1. Picking from VAL94, VAL130, VAL163, which residue would you name as being closer than 19 Å to ASN184 by Cβ and among the aliphatic types (A, V, I, L, M)?
2. Kindly provide the set of residues from segment 29-87 that are under 17 Å from ILE116 (Cα atoms), under 15 Å from the mean Cα position of the chain (by Cα) and either among the β-branched types (Val, Ile, Thr) or open to solvent by 60 Å² or more (accessible area, probe 1.4 Å) (or both), ordered by number.
3. Which residues, counting only those in segment 116-140, are within 16 Å of the ligand (Cβ to nearest atom) and touching a strand residue (DSSP E or B) at 6+ places or on another chain (Cβ under 6 Å)?
4. Could you list, ordered by first residue, the pairs with Cβ atoms under 7 Å in which the first is in segment 2-28 and closer than 18 Å to HIS45 by Cβ and the second is more than 14 Å from the ligand (Cβ to nearest atom) and polar (S, T, N, Q), at least 6 apart or interchain?
5. When you scan segment 141-151, how many residues do you find that are among the acidic types (Asp, Glu) and within 16 Å of the ligand (Cβ to nearest atom)?
6. Only one of ILE154, ILE232, ILE220, ILE224 is open to solvent by 20 Å² or more (accessible area, probe 1.4 Å) and under 20 Å from ARG5 (Cα atoms); which?
Amino acid sequence: MGKIRLGVNIDHVATVRNARGEIYPSPLRASLLAQKEGADSITIHLREDRRHINESDLKKIKSRLKIPLNLEIAATKEMQKIALKNKPPFICIVPEKRQEITTEGGLNLKFKTKFIKKLIHKLKKNNSRVSLFVEPSLKDIKMSKDLKADCVEIHTGRFCNFVNKKKNYKKELIRIKKAIALGNKLGLEVHAGHGLTYKSAKILSKVPGIKEFNIGHFLIGESIFVGLRKTIKEFKKIIKQ
Ligand code: PXP
């Protein structure tokens with residue numbers, strides 16, 4: 001199995017900062033520390049409501065980072081403009097609903113299909129690698145290929161919920177395995193993310209065909225107790241297996 005990359009999502013460092021309208025903790029500092037401790041890329045989600053990172057964070061992080069920056073954006077004109085201007089090396093297109101607590105599901109590729117297709121084309125021409133955040137659905141994987149995405153990131157939220165609640169996750173794991181296999185067969189680079197903990201990442205790291213994990217909420221939470229260094233090292237050890 002080739003090396004699996006670890007993308008560290010630092011959005012929730014900004015969430016803590018914004019909770020008090022302060023200038024700390026710094027998402028830039030967290031990004032640079034994560035880079036030093038072995039992160040392979042840094043992920044940030046610029047949401048319409050700017051509830052975590054903002055454009056100033058994006059600019060600062062992009063200008064200082066040596067590893068690739070992965071910018072998550074919704075398929076909107078506003079985000080298209082920001083992404084084209086800032087040229088992050090990696091972009092992941094995600095669904096976004098204002099009221100949701102987090103990204104609740106994969107993209108609905110039947111909605112705004114033409115816009116998404118054009119967006120992918122423009123971003124790729126602008127030298128960004130483009131990924132689509134999708135459910136582990138064979139239809140969505142096929143459609144991602146038709147839309148000419150470079151990668152798919154499979155939404156692992158449902159699977160992780162089952163693992164956390166000690167429920168039977170076998171069926172969902174089979175769905176994910178089939179989606180990964182099809183993605184690889186079609187020549188898409190396959191990533192996985194959402195809700196991952198040490199336990200769920202360990203299970204998924206044994207499935208062949210995943211090239212990148214993007215992990216945020218649990219990783220930042222765990223860092224409160226043991227630090228970013230130890231948490232990143234532990235995840236790197238787990239996903240290497
Ligand atoms: N991947 C994508 C596309 C996401 O939208 C998110 C959440 O912002 C993550 C990964 C990380 O999820 P979590 O914070 O639950 O680890």
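The values are calculated or read from the model by the stated rules, or taken from the named source; none is laboratory data. This is a predicted model, so every value here is computed, not measured. Don't worry about glycine lacking a Cβ; one is built from the backbone with ideal geometry, like all the others, and counts go over all protein chains shown. Each accessible area value is taken on the protein alone, full model and side chains, heavy atoms only, with ligands, DNA and RNA left out. Shrake-Rupley method; radii C 1.70, N 1.55, O 1.52, S 1.80 Å.
1. So the residue among VAL94, VAL130, VAL163 that is closer than 19 Å to ASN184 by Cβ and among the aliphatic types (A, V, I, L, M) is VAL130.
2. ILE73
3. Within segment 116-140, ILE120, LEU123, SER128, ARG129, VAL130, SER131, LEU132, PHE133, VAL134, GLU135, PRO136, ASP140 meet the criteria.
4. Listed pairs, sorted by first residue: ILE10/SER31.
5. Counting residues in segment 141-151 that are among the acidic types (Asp, Glu) and within 16 Å of the ligand (Cβ to nearest atom) gives 1.
6. Testing whether each residue is open to solvent by 20 Å² or more (accessible area, probe 1.4 Å) and under 20 Å from ARG5 (Cα atoms) leaves just ILE220.
Condition check ((1) under 15 Å from ILE10 (Cα atoms); (2) touching a His at 6+ places or on another chain (Cβ under 9 Å); (3) at pLDDT 95 or above) across all residues:
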| residue | (1), (2), (3) |
| --- | --- |
| LEU69 | yes, no, yes |
| GLU78 | no, no, yes |
| LYS81 | no, no, yes |
| PRO89 | no, no, yes |
| VAL94 | no, yes, yes |
| ARG98 | no, no, no |
| ILE101 | no, no, no |
| GLY106 | no, yes, no |
| PHE111 | no, no, no |
